[in-house]
1. Tell me, in nm to one decimal, what length is gained between Ala159 and Cys144 on full extension, where the rule is 0.36 nm per residue of separation less the Cα-Cα distance?
2. In the Gaussian network model of the chain, springs joining C-alpha atoms below 10 Å, which of Pro105, Pro272, Pro23 carries the largest mean-square fluctuation?
3. Compute the Rg to Rh ratio over the stretch 51-190 from the alpha carbon atoms, using the Kirkwood formula for Rh, and round to two decimal places.
4. Note down the nm distance, to one decimal, between modelled labels 7 Å out along Cα→Cβ at Trp117 and at Asn96.
5. May I ask you to derive the FRET efficiency for Gln106 and Lys209 from their Cβ-Cβ distance with R0 = 45 Å, giving the value to the nearest 0.05?
6. Quick one: among Met100, Met229, Met241, which has the greatest mean-square fluctuation in a GNM of the chain with alpha-carbon springs under 10 angstrom?
7. For the chain, compute the number of Lys pairs whose alpha carbons are separated by less than 20 Å, excluding pairs fewer than 8 positions apart on the same chain.
8. For the stretch 111-179 and the stretch 71-92, what is the separation of their Cα centres, given in Å?
Amino acid sequence: MIFSAISGSAPATTAAIGAILIPAMVRQGYDKAFATSIAVSAGVLGPLIPPSIAFVIWGIVAEQSIGRLFLSGIVPGLAIALGLLIVCYFHAKRHNVPRMDKATPQDMVQAITRGKWALLSPVVVLGGIYGGAFTPTEAAAVSCVYALLVGLFIERQLAWRDLPRMLLAAARTSGLVIAIIAVSTAFGVLIAQEQIAVQFATWLSEQVKEKWMALAGLNIAFFLLAAVMDEIAIMVILGPMLIAIANKFGLDPIHFGAIIVTNVSIGMAAPPIGYCLFVGMAISGVSLGKLSKAIWPQIGVMLVVLFLTTYIPEFALIFQPAKR
């Protein structure tokens, strides 16, 4: 959740945190498929916790305030994070995952002292973003350079000879994600050419008269599309039609933006080709079948949060500035 406030991207969050915590969870007694499913599902927080690439895209498509859209993702993101914590707790109880020794105040001080340079990374990145020194995209490069400098010259846990291996590993993970995006984009082009999604949206706006039924239909369609299609392509291709439907039913545009981004975020962790699934598989080596089976409790949590976000507008609007 904290890293999501730095990256703004679900695959980046899964890759960065999963590479460290999936092996750590396995060492502590968690099943590898479950550990991977947690890293994959927690990656969904990337587009919800601001700053968020998905909210920027939707803000441009819908011509809405990106700052207000950022605020609309806070409660859904926190709710998903809480739900994932609960899933972890009951999984650990059910499977008798060994408890770690309780940390003493001295242990905490030592850990913070040892990790002070790593803990400064979010401060540098977020301080630079909110201070206007660099954009969220540039922050990724700043974070990478900072980590290299600390690893090479301060902590000295990296050696120059390690860099080719690290770059190759990063290229493999990036290449995997790019390949999925390429296939999803091609599928999006096919959907656009055949006007399947547009025809569905038109039918929905013409045939469904109740707002709650229209929202349910949109959520179902989005969940299915986002599981097989690039989220940016969905928002760009269907954006004008979706905005027309929202206007027809009198939906608040910021609330509607939160529904859209929550939907596409869930899709990135949903089988069969959610981006984060394949990032998690590349890190852990778990098969798609095992990972898909392990992740359904987390998907269930996300769908509950989506339902609350859809039908309780305050979920998205509670932090909105007061109207003057």
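The numbers here are math on the coordinates, done by the rules we state, and not lab data. This is a predicted model, so every value here is computed, not measured. With ideal geometry, Cβ positions are generated from the backbone for all residues, glycine too; neighbour counts draw on all protein chains shown.
1. Gain on extension, Ala159 to Cys144, equals 3.9 nm.
2. Evaluated over the chain, the most mobile residue of the options is Pro105.
3. 1.03
4. If labels sit at Trp117 and Asn96, their model points lie 4.2 nm apart.
5. E between Gln106 and Lys209, to the nearest 0.05, is 0.10.
6. Highest fluctuation among the options: Met100.
7. Pairs that pass both the separation and distance tests number 7.
8. That distance is 26 Å.
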